[in-house]
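First comes the structure, then the notes that go with it.
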Amino acid sequence: MFENFGIIQSIKSILLKKNTMFFGLIICIFLFACESKRNSYTNNAFLNSSDIDSKIQQDYPLADQADVSSIDAVVRAIYEAITFREGEEPDMSRLQSLFNPDAQLIRITPDGVDTMTVESFIASFKERVKTGALKSFYEAEISRKTNAFGSIAQIFSTYNKGMNTEEPEGLIRGINSLQLYYDGHRWWISSLLWEDERSDSLIPQEYLR
């Protein structure tokens with residue numbers, strides 16, 4: 001009887017060791033799968049960065065370094081690129097070169113929110129010029145508030161603008177909200193939101209100084 005008991009205990013011990021090895025193997029496989037997935041995400045992130053770099057090189061106009069060397073330079077270039085007189089054309093290539101390819105341009109109106117890519121904004125603007133709806137466009141900065149830390153910046157740029165006029169009485173004020181980042185070589189605009197001033201939504205004095 002005691003001999004049998006010893007045999008049973010030996011069998012249990014072997015089974016326990018096998019179960020421990022089995023579960024250990026399962027845990028190792030699980031950890032390996034997690035690491036592989038993490039590496040996959042990391043590799044995809046690098047690939048996405050390469051895709052952006054490739055897109056900039058192939059499809060995007062090359063920015064003038066003078067336009068992207070500082071925050072001041074970027075803001076100045078925006079207003080200069082989009083402003084044009086009758087008989088001229090806006091510099092859309094220059095404007096496009098200031099933005100990250102995945103940037104969004106968002107217009108806020110009482111009717112809702114209009115979200116555009118850089119390409120769709122430029123296409124819409126060009127179409128209005130082509131059809132004659134927009135014969136000239138004037139936009140200039142009148143005040144600015146900047147918050148920056150490290151390589152990121154948030155700007156409230158108050159503007160005066162006029163479509164088919166530069167006369168003061170025909171100008172409209174508003175605010176451009178820009179988000180920018182520095183990649184070690186240049187400044188990029190990652191998003192631009194804007195809203196025109198209205199009688200029921202006046203610009204606070206702090207953004208006019």
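Within segment 126-161, which residues are of a type in the set (S, T, Y), within 20 Å of S70 (Cα to Cα) and assigned to a strand (DSSP E or B)? Outline the logic, then answer.
So the first thing to find is which residues in segment 126-161 are of a type in the set (S, T, Y), and the list is 131, 136, 138, 143, 146, 151, 157-159.
So of that shortlist, the ones also within 20 Å of S70 (Cα to Cα) come out as 143, 146, 151, 157-159.
Passing the criteria: S143, T146, S157, T158, Y159.
Can you work out which of the residues in segment 164-192 that are hydrophobic (A, V, I, L, M, F, W, C) and surrounded by 17 or more Cβ atoms within 10 Å (Cβ to Cβ) is nearest to K135 (Cα to Cα)? Steps first, please.
Quick first cut of segment 164-192, residues hydrophobic (A, V, I, L, M, F, W, C) only: 171-172, 175, 178, 180, 187-189, 192.
If we keep only those that are surrounded by 17 or more Cβ atoms within 10 Å (Cβ to Cβ) as well, we get 171, 175, 178, 180, 187-189, 192.
Values: L171: 15, I175: 23, L178: 26, L180: 30, W187: 31, W188: 29, I189: 27, L192: 24 Å.
For segment 164-192, the residue satisfying everything is L171.
Search segment 131-150 for residues that are closer than 14 Å to P90 by Cα and pair each with any residue that is at pLDDT below 95 and β-branched (V, I, T) when their beta-carbon atoms are under 9 Å apart and the residues are at least 6 apart or on different chains.
Correct list of pairs: S136/T165; Y138/T165.
Pick from Q154, Q104: which is without any contact (Cβ under 8 Å) to a residue 40 or more places away in the chain and of a type in the set (S, T, N, Q)? Talk me through it step by step, then tell me what you get.
Numbers: Q104 fails: without any contact (Cβ under 8 Å) to a residue 40 or more places away in the chain.
Result of the check over Q154, Q104: Q154.
Confirm whether A63 is surrounded by 15 or more Cβ atoms within 10 Å (Cβ to Cβ), in contact (Cβ under 8 Å) with a residue 60 or more places away in the chain and assigned to a loop (DSSP other than H, G, I, E, B). Show your work before the answer.
Details: surrounded by 15 or more Cβ atoms within 10 Å (Cβ to Cβ): yes; in contact (Cβ under 8 Å) with a residue 60 or more places away in the chain: yes; assigned to a loop (DSSP other than H, G, I, E, B): yes.
So A63 passes the test.
Name the residue that is nearest to S143 (Cα to Cα), counting only residues in segment 168-209 that are in a loop (DSSP other than H, G, I, E, B) and among the hydrophobic types (A, V, I, L, M, F, W, C). If you could, list the steps in order and put the result at the bottom.
Quick first cut of segment 168-209, residues in a loop (DSSP other than H, G, I, E, B) only: 171, 183-186, 197, 199-200, 202-204, 208-209.
Narrowing further to those that are among the hydrophobic types (A, V, I, L, M, F, W, C): 171, 202-203, 208.
Values: L171: 15, L202: 15, I203: 11, L208: 6 Å.
Ranking the qualifying residues of segment 168-209, first place goes to L208.
Report, by residue number, each residue of segment 66-93 that is touching a Pro at 6+ places or on another chain (Cβ under 8 Å) and not in a helix (DSSP H, G or I).
Of the residues in segment 66-93, the ones touching a Pro at 6+ places or on another chain (Cβ under 8 Å) are 81-84, 93.
Of everything in segment 66-93, those that are touching a Pro at 6+ places or on another chain (Cβ under 8 Å) and not in a helix (DSSP H, G or I) turn out to be T83, F84.
In segment 103-114, is there at least one residue being at pLDDT 50 or above, in the same structural domain as A153 (by TED's automatic domain parsing), among the acidic types (D, E) and surrounded by 10 or more Cβ atoms within 10 Å (Cβ to Cβ)?
The first filter runs over segment 103-114 and keeps only residues at pLDDT 50 or above, leaving 103-114.
Those still in the list that are in the same structural domain as A153 (by TED's automatic domain parsing) too: 103-114.
Retained after the next criterion (residues that are among the acidic types (D, E)): 111, 114.
Keeping just the survivors that are surrounded by 10 or more Cβ atoms within 10 Å (Cβ to Cβ) gives 114.
Looking through segment 103-114, at least one residue is at pLDDT 50 or above, in the same structural domain as A153 (by TED's automatic domain parsing), among the acidic types (D, E) and surrounded by 10 or more Cβ atoms within 10 Å (Cβ to Cβ).
Where the second residue is part of a loop (DSSP other than H, G, I, E, B) and at pLDDT 95 or above and the first is farther than 25 Å from N160 by Cβ and lies in segment 181-209, which pairs have Cβ atoms under 8 Å and are six or more apart or on separate chains?
Sorted first by the residue in segment 181-209, then by its partner, the pairs are Y181/S151; Y182/S151; D183/S151; G184/S151; R186/A63; R186/S69; W188/L98.
Restricting the search to segment 135-147, which residues are closer than 24 Å to A103 by Cα and either in contact with a helix residue (DSSP H, G or I) (Cβ under 7 Å, 6 or more places away or on another chain) or among the charged types (D, E, K, R) (or both)?
Within segment 135-147, the subset closer than 24 Å to A103 by Cα is 137-141, 143-147.
Once the filter is applied, which keeps residues that are closer than 24 Å to A103 by Cα and either in contact with a helix residue (DSSP H, G or I) (Cβ under 7 Å, 6 or more places away or on another chain) or among the charged types (D, E, K, R) (or both), segment 135-147 yields F137, E139, A140, E141, S143, R144, K145, T146.
The values are calculated or read from the model by the stated rules, or taken from the named source; none is laboratory data. Everything numeric in this text was worked out from a predicted model, so none of it was measured. When we count neighbours, we look across all protein chains shown, and the Cβ atoms used for this are built from the backbone with ideal geometry, even at glycine.
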